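The values are calculated or read from the model by the stated rules, or taken from the named source; none is laboratory data. Predicted model, so just to flag it, every value in this text is computed and none were measured. Quick reminder, even Gly has a Cβ in these numbers, built from the backbone with ideal geometry, and neighbours come from all protein chains shown.
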There are 2 protein chains.
Amino acid sequence: MKRLLKGADVLAGENGGFRCLKNGYLGIDGDRIDYIGVAVPKDPYDEVRDMTGKLLLPGLINGHTHTGMSLLRGLGSDLPLDKWLFDTIFPVEDRLTDDDLRLGMELAMLEMLASGTTSFTDMYMGAGYCTPAILSAGMKANLCRPLQSFDPEEEPMTCRRMKEMLALYEDWNGAGEGRIRVDFSIHAEYTCTEKMVRAAAREAEKRGAGMHLHLSETESEQRACVEKYGMTPARWFDKLGAFDLRAYAAHGVWLTAEDRALLKERGVTVVHCPESNLKLGSGVADVPALIREGVAVALGTDGPASNNNLNLWEEMHLVSILHKGVRRDPTLLSPQTVLSMATVNGAKLQGREDTGVLAVGNKADIVAIDMDRPHLVPAIDPISNLVYSAQGADVVMTMVDGRILYENGEYLTLDRDRILFDARRAARRLLG
Amino acid sequence: MKRLLKGADVLAGENGGFRCLKNGYLGIDGDRIDYIGVAVPKDPYDEVRDMTGKLLLPGLINGHTHTGMSLLRGLGSDLPLDKWLFDTIFPVEDRLTDDDLRLGMELAMLEMLASGTTSFTDMYMGAGYCTPAILSAGMKANLCRPLQSFDPEEEPMTCRRMKEMLALYEDWNGAGEGRIRVDFSIHAEYTCTEKMVRAAAREAEKRGAGMHLHLSETESEQRACVEKYGMTPARWFDKLGAFDLRAYAAHGVWLTAEDRALLKERGVTVVHCPESNLKLGSGVADVPALIREGVAVALGTDGPASNNNLNLWEEMHLVSILHKGVRRDPTLLSPQTVLSMATVNGAKLQGREDTGVLAVGNKADIVAIDMDRPHLVPAIDPISNLVYSAQGADVVMTMVDGRILYENGEYLTLDRDRILFDARRAARRLLG
């Protein structure tokens, strides 16, 4: 099926940035974009949709989240980190069944689609059980089974988590015409042995998979690692081979200048999660330095229990002002840079080079914003309006691989009312 | 007319905080609340509205803004402060006509009503010309004509700005059954003479009006004042009598510990504007210290050209996480505290003690949130969901003095399409 979106402003990719074509045309053939321009395309289309007053941009990519935690939204807010995690979150997480995890995933997808996220990078339990739900919803996801190992004697290749990780890869990598990708994952330096990291890196490399990590989130993590190993977590992971592949690391709040140089050299993407880092009291990552020095930086919401939502518009707005204020320089992080973090840089970390940019030949992962809203008028600078003024609810259409999954409040692939009903019931049971 | 809202959860005021009554009743008689409870009220009501699935909270109060700047939204983003203000904003502001100012006010009201703001405290030109539009829209506002004087010889009582200020007060204070209040205002220490401050304080005190200031927004302002007068701006204003009345001061980023003690002693409210302070690179006010030491802190968006919107939900979310992150303490600023800043503390600075809290006898300034949205499920802690997870667009009803002004995307008192059309045309003219 060939579909033409006409009349919308189109944020087309150009020279590594974005250019706004006024009243443009965007043509889609199957799952790919086959035309972008201001002239009427010559080829015929089966369906023409009038998108006047809308702005089309690439689907947003959430670089780091834990979707299953959406059932725990708001649990234990404002506690110190250790009390929040050990006394509140972990005991409830222990009670999560596979069905809860799938439900948390479905709830998260409702929220992500309504705020224009087309693809997400998840790190949580039960990914295999959840995958059919993702396939049926039509979203893209990079999944993993995070590895942990506290026992230096534990044999990496025969432990339960590694078996689950390998099975996840075998069962699901590439499913849904590639919408599902499976990456490997080490939860963090402080939860893993050297042996396990080496094994995970080796197995990931064999398969051409990526590596998803938590890195330098808190000061105590950074300090304890230096005390234990005589090197920072970044250096430790690198030594063990974790950066020999497409690697991406969430947080990076406490990276040193040497760490930044290492990440640049090894092509590791840092996933900045500003809301979570602030809410948990972890600090503010030096994103301006990372960008200045050439490290790729993507954006993530982290889990909804430390945010407390999956709304990348809030992350974009926050990252665009936070560093200006903290470093006291209003010229830092332009709207173009911030939009790139939530789109093309996310695509890079996911290994999906044909997404993140609206360009002919790329996948039709497209979001439409209704620009006819008071807080987006006037549109003196549309990209500035997106980053500083828009909110998630301005999204009126979310399309993945040419298929509309959400439009004007309606979900085309998910049963909203059933999911909300079940999620409320599950939360009552979990906390009761 | 007596109207009963039934079935909603009600965030009722209790012991200076909020308590959530599940499936409650809120009765309104004319412009005031006459019942709150979980039992069916005995008195009859003319109209009963089913609000099941909604949460009722007090209308939000924007403690500091410059509404007329909404026509300049997005102008000169990401420039250094002096270039932004002197080369970009000021030249366009010079071209604003009275009609532009009224239009900017109307555009701002569309945005504020849609995000649950019922009352705002404005500092901008043309307040007198705009007031009929506010009265017709039905919102509440504390207005002023900010005074400036650079010439020590200028006679305060005969200068143009003071005349406008006095006329504004005479013409409009108390209009619309008190929905309009007029306060006095000194723009800032660095734009005013001592003589003018004394005169303004004296005239305001005579009338029982408040005093609206910019205070200690930037480091250079703070330093230059100490160099010029041998005292901080707060001490300087106090010496000149500006704190002898209901005074409120926007920003307070660079207040010293002595300044904080002074503001506490004099009962001055600080209006925290975190988005603007970050975006302009001014820094992060020490709000935890202000609150700990007993200073009242309200919330403001500042003007939409340095934000770039008038959405207090974003301010609430930001203030709830920013200080946790910057001070690295996740226990700072609970959701209850943050919600108080946007409601009851705003009411205090406006001198509207019968607003800001849902309680019997108070004005019916009420906002309804639709809690049946994926990002608000589950509602383990409703106040936490409001502050951390909600967005402005979750507002489905905004009521002022018992009158519904906005409901489910429709404006009952403002012509949305005409205002958006005119605002776009005006922006083209101003920037053309």
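Summed over the range B:272-290, the residues that are of a type in the set (A, V, I, L, M, F, W, C) and either out of contact with any strand residue (DSSP E or B) (no Cβ under 9 Å at 6 or more places or on another chain) or away from chain A (no Cβ under 14 Å) (or both) give a count of 5. Identify the residue in the range A:413-432 that is more than 23 Å from A:G74 (Cα to Cα) and in contact (Cβ under 8 Å) with a residue 60 or more places away in the chain and, among all such residues, is farthest from the other protein chains (Cβ to nearest Cβ). Among those that are more than 23 Å from A:G74 (Cα to Cα) and in contact (Cβ under 8 Å) with a residue 60 or more places away in the chain, it is A:T413. One residue stands out in the range A:123-136 among those that are surrounded by 24 or more Cβ atoms within 10 Å (Cβ to Cβ) and closer than 22 Å to A:D415 by Cβ: the one that is modelled with the lowest pLDDT, namely A:A127.
Please state which one of B:I33, B:I61 is at negative phi, part of a strand (DSSP E or B), out of contact with any helix residue (DSSP H, G or I) (no Cβ under 8 Å at 6 or more places or on another chain) and at pLDDT 95 or above. Spell out the reasoning first.
Details: B:I61 fails: out of contact with any helix residue (DSSP H, G or I) (no Cβ under 8 Å at 6 or more places or on another chain).
So the residue among B:I33, B:I61 that is at negative phi, part of a strand (DSSP E or B), out of contact with any helix residue (DSSP H, G or I) (no Cβ under 8 Å at 6 or more places or on another chain) and at pLDDT 95 or above is B:I33.
To keep it simple, each residue is scored yes or no on (1) under 30 Å from A:G104 (Cα atoms); (2) buried (at least 24 other Cβ atoms within 10 Å of the Cβ); (3) outside the structural domain of B:T118 (by TED's automatic domain parsing).
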residue	(1), (2), (3)
B:T343	no, yes, no
B:V367	yes, yes, yes
B:L376	yes, yes, yes
B:D381	yes, no, yes
B:V387	yes, yes, yes
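A search for C-beta distances below 8 Å between a residue of the range A:85-100 that is under 23 Å from A:A133 (Cβ atoms) and any residue that is surrounded by 12 or more Cβ atoms within 10 Å (Cβ to Cβ) and of a type in the set (V, I, T), counting only pairs 6+ apart in sequence or on different chains, returns nothing.
So is B:Y406 aromatic (F, W, Y), in the same structural domain as B:T52 (by TED's automatic domain parsing) and assigned to a helix (DSSP H, G or I) or not?
On the way: aromatic (F, W, Y): yes; in the same structural domain as B:T52 (by TED's automatic domain parsing): yes; assigned to a helix (DSSP H, G or I): no.
Criteria not met by B:Y406.
Only one residue in A:L101, A:L107, A:L135 is in a helix (DSSP H, G or I), under 21 Å from B:A379 (Cβ atoms) and away from chain B (no Cβ under 14 Å), so which one is that?
Values: A:L107 fails: away from chain B (no Cβ under 14 Å); A:L135 fails: under 21 Å from B:A379 (Cβ atoms).
Unique residue meeting the criteria: A:L101.
Residues satisfying the criterion are absent from the range B:150-171 (criterion: touching a strand residue (DSSP E or B) at 6+ places or on another chain (Cβ under 9 Å), under 15 Å from B:H66 (Cβ atoms) and either in contact (Cβ under 8 Å) with a residue 12 or more places away in the chain or outside the structural domain of B:A305 (by TED's automatic domain parsing) (or both)).
Within the range B:227-253, if we keep just the residues that are touching a strand residue (DSSP E or B) at 6+ places or on another chain (Cβ under 6 Å) and within 10 Å of B:M211 (Cα to Cα), the residue that is surrounded by the fewest Cβ atoms within 10 Å (Cβ to Cβ) turns out to be B:L245. Residue pairs whose Cβ atoms lie under 7 Å apart, separated by 6 or more positions or on different chains, with the first residue in the range B:314-335 and within 7 Å of chain A (Cβ to nearest Cβ) and the second assigned to a helix (DSSP H, G or I) and small (G, A, S), are B:P335/B:S320; B:P335/B:S384. The conditions of being farther than 23 Å from B:R418 by Cα, in contact (Cβ under 8 Å) with a residue 60 or more places away in the chain, surrounded by 19 or more Cβ atoms within 10 Å (Cβ to Cβ) and out of contact with any strand residue (DSSP E or B) (no Cβ under 6 Å at 6 or more places or on another chain) are not met by B:S70. B:D82 falls short of the stated requirement of being in the same structural domain as B:L339 (by TED's automatic domain parsing), at pLDDT 95 or above, under 26 Å from the mean Cα position of the chain (by Cα) and not aromatic (F, W, Y).
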